[in-house]
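Everything on this sheet refers to the single structure shown next.
The values are calculated or read from the model by the stated rules, or taken from the named source; none is laboratory data. Remember, predicted model here, so these are calculated numbers, not experimental data. Don't worry about glycine lacking a Cβ; one is built from the backbone with ideal geometry, like all the others, and counts go over all protein chains shown.
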Amino acid sequence: MNDCAPRIKYELGKQEMEIRAVKKISRRLKKEDDLTPGGLDKALEEAIKNTIEKACELTDDAIDELSDNPTIMTQIMMNQALLLWLENYLESIILDHDGISRKRLEKEVPSWLVSYGTFDAALDELVEQLKIEAIDDRYRWRLPDLSEWIDSLKDNERKALTLKLQKKTLRECGEVLGVSRERVHQIIQSALKKKPFLREDEYGY
């Protein structure tokens, strides 16, 4: 029981230091811009804790200097916890718009996320993941093309639609799939009911 006391005291001291570090850095950032979208405080807290745990000893002097250390601040801003939150947040905003400019998106986040490069990193990741795209200097939800949509369908739907796009008749499709022409028609209609707005639809094809 007594052997545990020093360890417990150490853990409590560490937690107290982490809380102080989170408060100090959060206070400094909010002086720059106090815009706080939902979930940001929690993501920032996790990013700060993740970074300082690896970067430095938690002493009074170290905590006082954290917010003035550009290397530590950049590591915090690029921590996965903060990046993931920002990606999800930007994705939800873009999804609600037919197209939104970068300037308008920047107004939705605190300026320090832009100045530290977190904003650009999150946008680039969304583009790389093919979740969004930039069209005429505006970001929007990325539209799938016809082949991507067909590839996402169930096996029988994919085969039926592919055959029909190859100008096969319903009877010919049925012969390949081993079902009646009526069943082929049902399969195709079921798939078409789930069709999203596609890239090709923009051009009236």
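Answer with yes or no whether Leu165 is at pLDDT 95 or above and in contact with a Leu (Cβ under 9 Å, 6 or more places away or on another chain). Judged against the criteria, Leu165 is not a match. Among residues of segment 167-185 that are surrounded by 15 or more Cβ atoms within 10 Å (Cβ to Cβ), those with a beta-carbon under 7 Å from a residue that is not in a helix (DSSP H, G or I) and not β-branched (Val, Ile, Thr) at least six positions away or on a different chain give the pairs Gly174/Ser180.
Just the residues that are touching an Asp or Glu at 6+ places or on another chain (Cβ under 6 Å) and surrounded by 18 or more Cβ atoms within 10 Å (Cβ to Cβ), please, taken from segment 98-125. Hits for segment 98-125 are Pro110, Trp112, Ala122.
Give the residue, chosen from Glu182, Glu175, Glu157, Glu148, that is at pLDDT below 90 and either among the acidic types (Asp, Glu) or outside the structural domain of Gln129 (by TED's automatic domain parsing) (or both).
Every option except Glu148 fails the conditions.
Would you confirm whether or not segment 50-73 contains a residue that is surrounded by 14 or more Cβ atoms within 10 Å (Cβ to Cβ), in contact with a strand residue (DSSP E or B) (Cβ under 8 Å, 6 or more places away or on another chain), at pLDDT below 95 and not in a helix (DSSP H, G or I)? No: segment 50-73 contains no residue that is surrounded by 14 or more Cβ atoms within 10 Å (Cβ to Cβ), in contact with a strand residue (DSSP E or B) (Cβ under 8 Å, 6 or more places away or on another chain), at pLDDT below 95 and not in a helix (DSSP H, G or I).
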